[in-house]
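The values are calculated or read from the model by the stated rules, or taken from the named source; none is laboratory data. What you are looking at is a predicted structure, and each value in this text was computed from that prediction instead of being measured. Reconstructed Cβ throughout: ideal geometry from the backbone, glycine too, with neighbour counts over all protein chains shown. In case anyone asks, the SASA skips ligands and DNA or RNA and just uses the protein heavy atoms, side chains included. Shrake-Rupley method; radii C 1.70, N 1.55, O 1.52, S 1.80 Å.
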Amino acid sequence: MKTSTRKNRKVRLAIIGTGGMAGQHARMFKTINACEIVAVCDIDPTRVAYFAAEHGVTSTFTDTAEMLKKADIDAVSIVTPDPFHAPISLQCLKAGKHVLCEKPLALNYSDARKMTLAAQKAGVINMVNFSYRDWACIQAVATRVQCGDLGDLRHVEASYLQTWLTSKIWGDWQTTPAWLWRLSTQHGSKGVLGDVGVHIVDFATYPAGPIAKISCQLKTFAKAPKDRIGEYKLDANDSAVMNVEFKNGAVGVIHTTRWATGHPNQLSLRIYGTKGAIEIDSEVSTTGYRLCMGKNLATAKWEKVEVKPTPSNYQRFITAIVTGKAEQPDFARGAEVQKVLDACFQSDADGKSVRI
Ligand SMILES: NC(=O)c1ccc[n+]([C@@H]2O[C@H](COP(=O)([O-])OP(=O)(O)OC[C@H]3O[C@@H](n4cnc5c(N)ncnc54)[C@H](O)[C@@H]3O)[C@@H](O)[C@H]2O)c1
């Protein structure tokens, strides 16, 4: 595995795409001593200039190819809209750069697989930003479930609820391009399933294991006259409901929607096994979880467990570059989740369950 080439120097990072989420990348990377943001790139010259000024970056570009040619960088963080993740990742991997790519890794499994193979061939660190892996609760729950504390798994319930279609707490979706492209397949959106369904599939399957069979219903509700606002045809799904069977035999329900009034951004996960149950509710805590096991099993009593913080994906990405030791979630994991998403679309189209 390729490591940061020059000893005793910081990892030189570029951020590609300087919209809403890029601010979080910049803020997080700026807290990590072992790296520095040395370049930023966006096709919108005004936006990239504003972002560079805000984050104190002097080198700006409006074209990735030009940046790869001119800027002295080790790694990139790709924060463009979804359709550009695959082409830009492949471009950067070809140039030998370590890549942290936003989710969903690609628009389909075929592209995600190509990216994974290209990353392996390049021998660089590759990670997908399933950002809820940053939460200490999911890391602790995954460890606990994977080491068998809950016994044989029987039932899983996971949901990711957002409310931006029924509230204005994140701005007015009807006038904000960053929300409108998410509602339009022509703008590369795979709907709520591709946007945050990808997170909850990772969140559920990270502890509970891979899915063997899935049945999914996707729904796009009417939101505007003729289902259109300006250049945006509003045809991407905004609710997704999955019935799943895991390879370990457990069954479950995973669902997500943008219509969950009262829940700006809630992830919840409940896993029930023969020896115990565990649950996360992000509106209650992301640094702890609830557990019912041992002597509490008989009385259905729950205890709260607090856990120590864990490194963020941003920290893991930089550490992996410095040490040369790969970290999760990598592109292969991103592709695995993508395969589940593809199966959801197929199941919805055919009205049948799909084996994965
Ligand atoms: N991990 C998370 O929790 C999380 C949260 C929010 C968004 N995201 C992901 O981050 C990505 C960006 O989302 P956002 O909300 O910041 O979107 P956004 O629309 O606010 O910003 C995207 C930016 O990318 C730029 N861009 C478009 N095409 C480009 C190209 N070819 N090269 C360079 N720049 C380009 C746009 O001009 C814009 O400035 C999406 O893939 C989204 O799914 C992830």
TODO: Consider all pairwise Cα distances in the stretch 1-97 and report the whole-number % of them above 24 Å.
DONE: 14
Open item on the list: Treating only the Cβ of Lys, Arg, Asp and Glu as charged (+1, +1, -1, -1), what charge dipole size does the chain show about its Cα centre? Round to the nearest 20 debye.
Closed with: 800
Task: Cross-link pairs Lys30/Lys121; Lys103/Lys223; Lys190/Lys304; Lys168/Lys190; Lys94/Lys308 - those with Cα-Cα distance over 27 Å - done: Lys30/Lys121; Lys190/Lys304; Lys94/Lys308
Task: Positive dipole terminus of the chain, leading residue within Leu68, Ser189, Thr80 (C-beta point charges) - done: Leu68
Task: Cα convex hull of the stretch 49-143 - mean projected area over all directions, nm² - done: 7.6
Task: Fraction in percent of alpha-carbon pairs per bin - 5 Å, the stretch 103-255 - done: 2, 8, 14, 17, 18, 16, 12, 8, 4, 1, 0
- [ ] Could you give the spread of the C-alpha atoms of the stretch 217-273 along their three principal axes, from largest to smallest, in whole angstroms?
- [x] 49, 24, 14
Open item on the list: From the C-alpha coordinates alone, can you work out the Kirkwood hydrodynamic radius of the chain, in Å?
Closed with: 21.2
Open item on the list: What does the extension gain come out to for Ala95 and Asp227, with contour length at 0.36 nm per residue minus their alpha carbon separation?
Closed with: 43.4 nm
Task: Charge dipole (the stretch 1-153, unit charges on Cβ, about Cα centre) - positive-most of Ala39, Ile138, Met28 - done: Ala39
Open item on the list: What would the Debye equation give as log₁₀ I(q)/I(0) for the stretch 240-356 at q = 0.16, 0.22, 0.24 Å⁻¹, counting only Cα atoms as equal point scatterers?
Closed with: -1.15, -1.26, -1.26
TODO: Enumerate the whole-percent occupancy of each 5 Å bin, from 0 to the last occupied one, for all C-alpha pair distances of the stretch 134-210.
DONE: 3, 13, 18, 18, 14, 11, 11, 8, 4, 1
Open item on the list: Under the 0.36 nm per residue contour assumption, what length would be gained going from the current alpha-carbon distance of Thr274 and Ala49 to full extension?
Closed with: 75.4 nm
Task: the stretch 278-333, accessible area per residue, ligands and nucleic acids excluded (1.4 Å, Å²) - done: 55
Task: Computed over the stretch 41-84: relative contact order in percent, which uses C-alpha pairs under 8 Å that are six or more apart - done: 35
Open item on the list: So for the chain, averaging the separation of alpha carbon pairs under 8 Å that are six or more residues apart and normalising by length, what relative contact order in percent results?
Closed with: 21
Open item on the list: Quick check: at a probe of 1.4 Å, how many percent of the accessible area of the chain sits on carbon and sulfur atoms?
Closed with: 52
Open item on the list: Please compute, for the alpha-carbon atoms of the stretch 34-79, the extent along each of the three principal axes and give them in descending order in Å.
Closed with: 25, 24, 18
- [ ] Could you tell me which Cys residues in the chain have no other cysteine's Cβ under 4.7 Å from their own Cβ, answering none if every one has a partner?
- [x] Cys35, Cys41, Cys92, Cys101, Cys137, Cys147, Cys292
TODO: Measure nothing but the geometry: give the 0 to 90° angle between the long axis through the Cα atoms of 85-94 and the longest principal axis through the Cα atoms of the chain, rounded to 10°.
DONE: 60
